[in-house]
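All of the numbers you see were taken from the coordinates with simple rules; none came from a lab. Computed from a predicted model, the values in this text were never measured in an experiment. Here the Cβ positions follow ideal geometry from the backbone for every residue, glycine too, while neighbour counts run over all protein chains shown.
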Amino acid sequence: MISQQTKIWNVDSVVGNSQDYPQLTEAAEFLRKGEVVAFPTETVYGLGANALSSEAVQKIFAAKGRPSDNPLIVHIADIAQLEALVAEIPEIAKKLMDAFWPGPLTMIFPKKEGIAPEVTAGLDSVGIRMPSHPVALSLIRQAGLPIAAPSANRSGRPSPTTAAHVEEDLLGKIAGIVDGGPTGVGVESTVLDVTVNPPMILRPGGLTKEQLESVIGQVAVDPGLLEEKERPKAPGMKYQHYAPKGEMWMVVAPTVDKQVEAIGSLLAEAKSAGKKVGILATEESSTKYPQADLVVPCGSRADLPSVAHHLYDALRTFDQERMDYILSESFPSDGVGMAIMNRLMKACGHRIVGSDPSRNLSN
Ligand code: TXA
Ligand code: MG
């Protein structure tokens, strides 16, 4: 792939000062010309291109090294854009849009003609969301286009939660990066199929099952997410993702104390085998592994959204510090814990020590 100059627009210092971010005019112009531009959303950074142009969308797949059978999410700034893209808006989707858009919820709709076929990877459905980050909304509005955008990482790497993460993966491979500071939620949007009854979570994310159920009642979870032998319904969920280069294990135990104890003995074993060991811990337990080469405190166990917020940066740190063995604490899988555990499970390639994760920490 030919290397190119990546232009950086810094809007970090002005976030919240303006509705329209005039400094994004050039970034929007790049999008209209068919270039790809990374931008912040409230979940993770996205890598955007005109969703109506095959040529533009192909550049996303090339820059990320993304398999072409993995469809992209289309980002919109208003409901008129949704109506132009989908064949039907189910009643249940209207309720969810009222409650949660703009926000970290992607819904799968039957698609209309006009979307570049690469976006949907040949499926007859399309995933759409309206992000709540003011910079993302302003950029989409100024471009005047629906913007296809996967997370702005190289395929297989953790999603980027800062512009520096995007630079690490894509500098020289894309036309530009809008730096709007660190993202908030830290894990991607929840992907919900609203074409089935009851609606089904295809990817757990920033919006919880409990939040969805408070508005529409029962919500199903794709069995392919929970059982290794079933194939997930969202094409992207079958890939191993987020994995650090070192061998990572997640430690599961019925209580937090037992978890710390189990990690302690695995750590001692790995150290005596001469390994460079990193631990993904929480603020509460980060002082309990003195033998480790690196302990990354990843938020507070008492505040799972703070764990989600720090998760991908923590996973990247193990690579930067060249850890060859990583042990991770585990979390209850209710609330945003469902997304955290899903991403950790993928990061460790399902290498789990201890009991059945569904019985982890008495959830
Ligand atoms: O928070 C997010 O959703 C971020 C930001 C940038 O908006 N985007 C993101 O996109 O995570 P990406 O491409 O990394 O993940 C999209 C996921 C993949 O697992 C993909 O397979 C699934 O959504 N998906 C997209 N369209 C789909 C469809 N029509 N049917 C089923 N799954 C779909
Ligand atoms: Mg992604």
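Suppose only helical runs count, i.e. DSSP H with n ≥ 4. What mean residue ellipticity at 222 nm does that imply for the chain under -39500 (n - 2.57) per run, divided by all residues and rounded to the nearest 500 deg cm²/dmol?
Roughly -9000 deg cm²/dmol at 222 nm, from the helical runs in the chain.
Taking the Cβ of K64 as the centre, find all other residues whose Cβ is under 10 Å away and add up their charges (Lys, Arg: +1; Asp, Glu: -1).
Net of charged neighbours comes to +4.
When the chain is modelled as a GNM with alpha-carbon springs shorter than 10 Å, which of K229, K346, K173 fluctuates the most?
Result for the chain, Cα springs under 10 Å: K229 fluctuates most.
What distance in nm lies between label points placed 7 Å from Cα along the C-beta direction at D257 and K33?
Distance between label points: 6.4 nm.
With the cut-off at 19 Å, tell me which of the pairs K7/K33; K33/K59; K112/K209; K33/K173; K258/K288; K64/K111 have Cα atoms farther apart than that.
As for pairs spanning more than 19 Å Cα to Cα, those are K112/K209; K64/K111.
With a ≥ b ≥ c taken as the square roots of the eigenvalues of the C-alpha gyration tensor of region 75-201, please select rounded if a/c is under 1.5 and otherwise prolate if a/b is larger than b/c or oblate if it is not?
Judged from the Cα gyration tensor, region 75-201 comes out prolate (a/c at least 1.5, a/b above b/c).
What is the packing order of peptides 130-140, 210-220, taking the mean over residues of other C-beta atoms within 10 Å and listing the highest first?
130-140, 210-220
Assign unit charges at the C-beta atoms only (+1 for Lys and Arg, -1 for Asp and Glu), then state the dipole size of the chain relative to its Cα centre in Debye, rounded to the nearest 20.
680
With the convex hull built on the Cα atoms of region 247-361, state its orientation-averaged projected area in nm².
Mean projected area of the Cα convex hull: 6.0 nm².
Given the options A262, A38, A308, which has the most mean-square fluctuation in a GNM of the chain, springs set between C-alpha atoms less than 10 angstrom apart?
Evaluated over the chain, the most mobile residue of the options is A262.
Using amide H atoms built in the peptide plane, which far-off residues or other-chain residues are under 5 Å from E42 H to H?
Amide H neighbours of E42: S132, H133.
Kirkwood Rh, region 155-214, all Cα pairs: how many Å?
After inverting the mean inverse Cα-Cα distance, the result is 13.8 Å.
Report relative contact order for region 7-221 in percent, whole number only (criteria: Cα-Cα under 8 Å, sequence separation at least 6).
31
Could I get the Rg over Rh figure for region 7-221? Both from C-alpha atoms, Rh via Kirkwood, rounded to two places.
0.94
What percent does the relative contact order of the chain come to when contacts are Cα pairs within less than 8 Å and at least six residues apart?
Contact order relative to length: 19 percent.
Under a straight-distance cross-link criterion of Cα-Cα below 19 Å, which aspartates and glutamates are reachable from K271, leaving out those fewer than 8 residues away in the same chain?
Cα-Cα hits under 19 Å: E247, E261, D293, D319, E321, D324, E329.
When all C-alpha to C-alpha distances in the chain are sorted into bins of 10 Å, what percent of pairs does each bin hold, rounded to whole numbers?
Result, from short to long distances: 5, 25, 33, 24, 11, 2, 0 percent.
Taking the chain as a Gaussian network, where each spring joins two C-alpha atoms under 10 Å apart, which residue of G114, G335, G299 fluctuates the most?
G114
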